[in-house]
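Worksheet: one structure, shown below.
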Amino acid sequence: MNDASRTGAVEGGVEEKLMERLTNAFELARWRAARRMQGGMIGFVPTMGALHAGHLSLIEAAGRQCAHVVASIFVNPTQFGPQEDFSRYPRTLEPDCAMLAEAGCDAVYLPEVAEIYPEGFQTSVRVGSLAEDLCGRVRPGHFDGVALVVTILLNRVQPDSAFFGLKDYQQFLIVRRLVTDLALPVQVVGLPIIREADGLAMSSRNRYLTPEERVRAAALHQALLAARAARRAGEEVGRELERIARAHLEQAGLDQVEYVAVRAADSLQPITRVTDQEDPVMLLAVRLGSARLIDNMILARVD
């Protein structure tokens, strides 16, 4: 029997609907058509698996806003560079599916690479200036791969709303621009970063950290807080805010800093001097051991 048709029994003889597993476009289309017949909005959460509480917060938010929630788990090869961690990226399918079901996800789309990129595939999606700096400069081609797979997934799923975490702030802006430029009929929803108790942004790659590195990684959040405190104390010079954050990273022994940047929150354009009329975003990326960690924070004058 296909996973998409199973139910399970709970105490008292009441049937409990199990999360449906959809492995190809036909099953996905059939699931979508059935949900449309039932009525209500469809919410979509694309992931690469190795799930954590940040992903689950997206599922839960989608469930509050939409009648039906579908996630995807697909480790997308086109967004990894030749020397990056595609082969060792954590793949934890069964625990992931259990977490999705517990969070209230109705279905999960689990395509193979050949399902997304069939033989002979040769189309690309190129993003403009939003993707050229910051992570785009350090990881050339990364955001083109992200834009490509997001376009394919949105066309396959055809949701009303798609939910993304703001830890990947540059990615969120790129996806939002993509949806606008290509006139895709979906609302892109960005949701706050979910953090560990010491402030470290939750990430699938945090599991690469050794215990000692994990302690030091808390400095990313502390650096952002220091910059925000300086902004609230009246500091307006973008480079000085960057210097303050970078100093905190270096004091924690994080010397492989890829970037610390104060940018306009909507365009990611560099900011020389912050004004009272704008709340810029600070973005940073650091390599720590075998992990690459990113984080960001809006440098608001007030909460």
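The values are calculated or read from the model by the stated rules, or taken from the named source; none is laboratory data. Model, not experiment: these values are computed from the prediction. For neighbour counting, all protein chains shown are included, and Cβ atoms are generated from backbone atoms with ideal geometry for every residue, glycine included.
Of note:
- At least 3 residues being in contact with a His (Cβ under 9 Å, 6 or more places away or on another chain) and either in contact (Cβ under 8 Å) with a residue 12 or more places away in the chain or of a type outside the set (A, V, I, L, M) (or both) is the threshold, and among the helices (runs of 4 or more DSSP H) wholly inside segment 77-161 those reaching it are 93-103.
- Filter result (touching a residue at least 40 places away in the same chain (Cβ under 8 Å) and either surrounded by fewer than 21 Cβ atoms within 10 Å (Cβ to Cβ) or part of a helix (DSSP H, G or I) (or both)) within segment 36-46: M41
Results for (1) over 30 Å from A261 (Cβ atoms); (2) hydroxyl-bearing (S, T, Y); (3) under 15 Å from the mean Cα position of the chain (by Cα); (4) surrounded by 21 or more Cβ atoms within 10 Å (Cβ to Cβ), shown as yes or no for each residue.
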| position | (1), (2), (3), (4) |
| --- | --- |
| I59 | yes, no, yes, yes |
| R88 | no, no, no, no |
| L100 | yes, no, no, yes |
| F143 | no, no, yes, yes |
| Q158 | yes, no, no, no |
| V175 | no, no, yes, yes |
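- Number of the condition not met by E115 [criteria: (1) surrounded by 12 or more Cβ atoms within 10 Å (Cβ to Cβ); (2) under 19 Å from the mean Cα position of the chain (by Cα)]: (2)
- In the set (1) in contact with a strand residue (DSSP E or B) (Cβ under 8 Å, 6 or more places away or on another chain); (2) under 23 Å from T151 (Cα atoms), V125 fails one condition alone, (1).
- Check on A245, over 30 Å from P46 (Cα atoms) and at pLDDT 95 or above: yes
- Subset of segment 49-62 (residues that are closer than 16 Å to V157 by Cα and either part of a strand (DSSP E or B) or touching a helix residue (DSSP H, G or I) at 6+ places or on another chain (Cβ under 8 Å) (or both)): I59
- Residue satisfying condition, being outside the structural domain of Y89 (by TED's automatic domain parsing), outside any loop (DSSP other than H, G, I, E, B) and surrounded by fewer than 18 Cβ atoms within 10 Å (Cβ to Cβ), within set A285, A229: A229
- In segment 262-275, the residue that is nearest to S129 (Cα to Cα) out of those that are surrounded by 14 or more Cβ atoms within 10 Å (Cβ to Cβ) and not β-branched (V, I, T) is L268.
- Of the residues E236, E240, E278, E212, the single one that is under 21 Å from L166 (Cβ atoms) and either surrounded by fewer than 18 Cβ atoms within 10 Å (Cβ to Cβ) or among the hydroxyl-bearing types (S, T, Y) (or both) is E278.
- All conditions but one from (1) in a helix (DSSP H, G or I); (2) in contact (Cβ under 8 Å) with a residue 24 or more places away in the chain; (3) in contact with a Phe, Trp or Tyr (Cβ under 6 Å, 6 or more places away or on another chain) apply to F172; the one that does not is (2).
- Any hit, segment 4-12, residues being at pLDDT 95 or above and either in a loop (DSSP other than H, G, I, E, B) or buried (at least 18 other Cβ atoms within 10 Å of the Cβ) (or both): no
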